[in-house]
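Each remark here refers to the structure printed beneath this line.
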Amino acid sequence: QVQFVESGGGVVQPGGSLTLACAASRRDLRFVVMAWYRQAPGKQREFVAHRSSAGTTVYADSVKGRFTISRDNAKNTVYLQMTALTSEDTAVYYCNSRPASEGSWGQGTQVTVSS
């Protein structure tokens, strides 16, 4: 089963930017829809964005216009560029396929937006 390893999180001030990366353990994901999800303290995990192998992207309304998902199939890596961050974006961010593979959740990467 494919495993994902997320990285790039950290502490950033409101209005700042971060880029997250997600490395997959398998090399045959180029036809898989890849997505980012996040889970804020005390809340359910929620969908953030996805990108198909053909380049079609879908974003949650809360991040539309601020976040950009991209992928490098040759590197089995998915990215999430985040700009204009607010405290509402504080969460642990995960990547997975969409629909998600329940056995493939990684540890996630913490993003904290704070002044």
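The values are calculated or read from the model by the stated rules, or taken from the named source; none is laboratory data. Computed from a predicted model, the values in this text were never measured in an experiment. All Cβ positions, glycine included, derive from the backbone under ideal geometry; neighbour counts span all protein chains shown. Areas reflect the complete protein model, heavy atoms only, side chains present, ligands, DNA and RNA absent. Shrake-Rupley method; radii C 1.70, N 1.55, O 1.52, S 1.80 Å.
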Taking the condition of being at pLDDT below 95 and either surrounded by 14 or more Cβ atoms within 10 Å (Cβ to Cβ) or under 12 Å from residue 20 (Cβ atoms) (or both), how many residues in segment 52-69 meet it? 1
Between 21, 60, 54, which is in contact (Cβ under 8 Å) with a residue 12 or more places away in the chain and either over 12 Å from the mean Cα position of the chain (by Cα) or under 20 Å from residue 88 (Cβ atoms) (or both)? 60
Provide a single number: the residues in segment 31-50 that are of a type outside the set (Gly, Ala, Ser) and at pLDDT 95 or above. 11
For segment 30-109, which strands (runs of 3 or more DSSP E) that fit wholly inside it have 1 or more residues that are touching a helix residue (DSSP H, G or I) at 6+ places or on another chain (Cβ under 9 Å)? 34-39, 67-72, 77-82, 91-97
Give all pairs with beta carbons closer than 7 Å in which a residue from segment 88-113 that is under 14 Å from residue 23 (Cβ atoms) meets a residue that is open to solvent by 50 Å² or more (accessible area, probe 1.4 Å) and assigned to a strand (DSSP E or B); count only pairs at least 6 apart in sequence or on separate chains. 106/5; 109/7
Mind listing whichever residues of segment 78-96 are more than 10 Å from the chain's Cα centre (by Cα) and open to solvent by less than 20 Å² (accessible area, probe 1.4 Å)? 85, 89, 91
